[in-house]
1. Give the residues of the range 241-276 that are in a loop (DSSP other than H, G, I, E, B) and in contact with a Leu (Cβ under 7 Å, 6 or more places away or on another chain), sorted by residue number.
2. I need a count of the residues in the range 245-269 that are surrounded by fewer than 23 Cβ atoms within 10 Å (Cβ to Cβ), in contact (Cβ under 8 Å) with a residue 24 or more places away in the chain and among the β-branched types (Val, Ile, Thr).
3. Name the single residue that is farthest from the chain's Cα centre (by Cα) among those in the range 328-346 being crowded, with 21+ Cβ neighbours inside 10 Å and either at pLDDT 95 or above or among the small types (Gly, Ala, Ser) (or both).
4. Please work out which residue is modelled with the highest pLDDT, limiting yourself to the range 166-211 and to residues that are under 24 Å from Gly137 (Cα atoms) and among the polar types (S, T, N, Q).
5. Restricting to the range 294-303, and then to whatever is touching a strand residue (DSSP E or B) at 6+ places or on another chain (Cβ under 7 Å) and part of a loop (DSSP other than H, G, I, E, B), can you tell me which residue is nearest to Leu423 (Cα to Cα)?
6. Looking only at the range 106-122, decide whether some residue is assigned to a loop (DSSP other than H, G, I, E, B), farther than 20 Å from Asp73 by Cβ and out of contact with any Leu (no Cβ under 7 Å at 6 or more places or on another chain).
Amino acid sequence: MRRGSGRRRHAKLASCAGGQLRCKELRQFPDRSSHLKPPAMKRLLAASIALLVVLAANNASAQVTVWVDFTSDTHNGTGGGPNGIPDWIDELDKATASAGVTTFTPAERSMIESSIMSDLATIYSGYSISFTTSVPGSSPFDAIAFGASSFGFGSLGVAPLDVANVASGQVASVAPGNFDFILDEFTGSSLRSTQLAQISTALAGTGAHELLHTLGGMHHHSYSNPGIHPATYGATGGLQNLHIMATGPTGLTETGRETLRTLSPWERAMLDVTGGAAAAYPTFDNQSVVTSPVPIDLTEVGAFDAGSTLLSAMAVSLSPGETSGFDLALVAADIDGSPGDVDLFKISLGSPGRLIAEIFSENRFGAPFTVDTTLTLLDSSGTPMMMVDDLFYDGDMFASGVFHGNDPYMLNIPIVAPGMYFLSVAGSPMPSFPTSPGDAYWLMVGFAAVPEPGIGVLMVVAISTLVVRRRVGKQQVPGKCVAA
């Protein structure tokens, strides 16, 4: 890129639902639809009188403060305005009425709220996040609104995407009125303790899921479980549904929602880069949930252009991620000169292991320039090892099935020997929209070393990779059925 304003063009980039910048969580495979937006930011200004709850698991000097909102009153649960009752109560009452169980008492609601706060703290344990039920006295802060209106809204929750957590003041919304399916196997107050436990865990899981969207997490990141690799792409065994970003299209079931889920390795990697894009967008908050975020590399957006040959490839340095177990890099780049521009990046890997690489090509903070790319991994001789065009997954199948986006996601590729490896970024041969000079993207790369005893397994997986890479791409399905 050779434009003086290049650095400011590279805002937070993300991809979800074929280019939409809000992600919705669905029950199962899409059985509901909505185009409604989450509650307005004015809920962040609403008066709230509640007991301050800052759980011990969170550091008092946390860089990210999250208001867990059980108190705002912006609607009446049936499409009308405020009614003097917190939205959280309207929505929870709607769920119990629809499921045919007894309305939760104030004491039971308090138990659910406490369980949600405890689960959020457990899920994000070790990160610099402070959860509170009172409106924070100072800005910036984010929010999880547990009273989003389910009236005319068919999803469980919705939130903006923010790779690297560039901006603060974001609202992750959860619609409890749509959680009747968690309770509908019960009658009245039968097995009440089980009702309370299941609804609490399900709501907490969706709250954690929507919050992670605001920190850069996407549904397909749930597939980064080490047990999912080219040899198991066709039958993942449901491992993806153990993790926070699992959702209906990944195959998450009611039972899965009623079980406390954990952060997957790449979900943790996304948290390791929060705050790392400050050099690209210094006027934004760029808050981090880790002590030392992996910083963005802006080399390619200056006068330097990543070359297209092995000799001219741009060197990328990996830095240890604080919590993910990956050495990571986040690189800002763009298409230079012509639509046929190829950017080649080289990474030196000192041991066997597994590699994940991902392109983010949606710009939230600038002009809506996008680019539809391919991502190819090459060995030291320049021989392709894996090529990915688009993102496909469908329940226990990864890299096939349903189209979920144009941005490539190269998942758990085995590296069986140390050496120099290359990643090539180029315009897709079958683009959803034309490639143009100046189209910007971010490339994120992660490498996790595998101990010596695991090398044999890596070699077996590597053989299957050559087969799988031919099945990845737009040819998988006719048309594009997008599910968020």
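The values are calculated or read from the model by the stated rules, or taken from the named source; none is laboratory data. Treat the numbers as computed from the prediction; the structure is a model and nothing was measured. No Cβ is skipped: glycine too gets one built from the backbone with ideal geometry, and neighbour counts run over all protein chains shown.
1. Those that are in a loop (DSSP other than H, G, I, E, B) and in contact with a Leu (Cβ under 7 Å, 6 or more places away or on another chain): Ile244, Met245, Ala246, Thr247, Arg261, Val273, Thr274, Gly276.
2. Going through the range 245-269 one residue at a time, the tally reaches 3.
3. For the range 328-346, the residue satisfying everything is Leu344.
4. Step by step, filter the range 166-211, then rank; the result is Ser173.
5. Filtering the range 294-303 down to residues touching a strand residue (DSSP E or B) at 6+ places or on another chain (Cβ under 7 Å) leaves 294, 296-301.
Still in the running and part of a loop (DSSP other than H, G, I, E, B): 294, 298.
Numbers: Val294: 19, Leu298: 17 Å.
So the residue we want is Leu298.
6. Among the residues of the range 106-122, not one is assigned to a loop (DSSP other than H, G, I, E, B), farther than 20 Å from Asp73 by Cβ and out of contact with any Leu (no Cβ under 7 Å at 6 or more places or on another chain), which makes the answer no.
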